[in-house]
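J.: I'd like to ask you about the structure that follows.
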């Protein structure tokens, strides 16, 4: 009976979201498993380029108030995290970060997809996250200390760094 209460509590939290946030959560719930499949079928570069073509950054929200932009980015990141933890597909960092990166682009926000590496206990590890104006959205602020990030953000095929 405990699982029932938990399910009811989760649904009540969903209904407390605004309609726009519920739509965003639904998009993330659909995009995460799609991204996982696309990464296996198309590969990282081709999937990122496809996402970039589907949502080119138009700068609509990018020129606004810095604090409002970060709040919006953190809200999107939170909803992607909720979808990744509670949806049918438990996404790892790369699908989560690609989904967040794309959902931000759809809102005219040009976030930076970052990938870092480290060697831990003799094993090579990689990790992906998204930054907005230097602020980490979907990980702890210490991610840059835990992982050596590539010098530039990961851009879609044919993209150039600013």
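J.: For residue 41, only one of the following conditions fails: (1) at pLDDT 95 or above; (2) surrounded by 13 or more Cβ atoms within 10 Å (Cβ to Cβ); (3) over 18 Å from residue 107 (Cα atoms). What is its number?
T.: Here residue 41 clears every test but (2).
J.: Kindly establish whether residue 114 is out of contact with any strand residue (DSSP E or B) (no Cβ under 9 Å at 6 or more places or on another chain), surrounded by 13 or more Cβ atoms within 10 Å (Cβ to Cβ) and modelled with pLDDT of 90 or more.
T.: No, not satisfied.
J.: Right, something else. In region 22-34, what residues are within 15 Å of the chain's Cα centre (by Cα) and closer than 16 Å to residue 105 by Cα?
T.: Within region 22-34, 24, 25, 27, 28, 31, 32 meet the criteria.
J.: Ok, one more. Of these, 77, 52, which one is touching a helix residue (DSSP H, G or I) at 6+ places or on another chain (Cβ under 9 Å), at pLDDT 95 or above and not in a strand (DSSP E or B)?
T.: 77
J.: Just checking, does region 109-117 include any residue being closer than 22 Å to residue 40 by Cβ and touching a residue at least 60 places away in the same chain (Cβ under 8 Å)?
T.: The answer is yes, given that some residue of region 109-117 is closer than 22 Å to residue 40 by Cβ and touching a residue at least 60 places away in the same chain (Cβ under 8 Å).
J.: Has region 142-149 got at least one residue that is assigned to a loop (DSSP other than H, G, I, E, B), touching a residue at least 24 places away in the same chain (Cβ under 8 Å) and buried (at least 18 other Cβ atoms within 10 Å of the Cβ)?
T.: yes
J.: If you don't mind, another one. Starting from residues that are out of contact with any strand residue (DSSP E or B) (no Cβ under 6 Å at 6 or more places or on another chain) and not in a strand (DSSP E or B), keep the ones in region 117-141 and report whichever is surrounded by the most Cβ atoms within 10 Å (Cβ to Cβ).
T.: 133
The values are calculated or read from the model by the stated rules, or taken from the named source; none is laboratory data. As the structure is a prediction and not an experimental result, all values here were calculated from the model. All Cβ positions, even for glycine, are placed from backbone atoms using ideal geometry, and neighbour counts span all protein chains on display.
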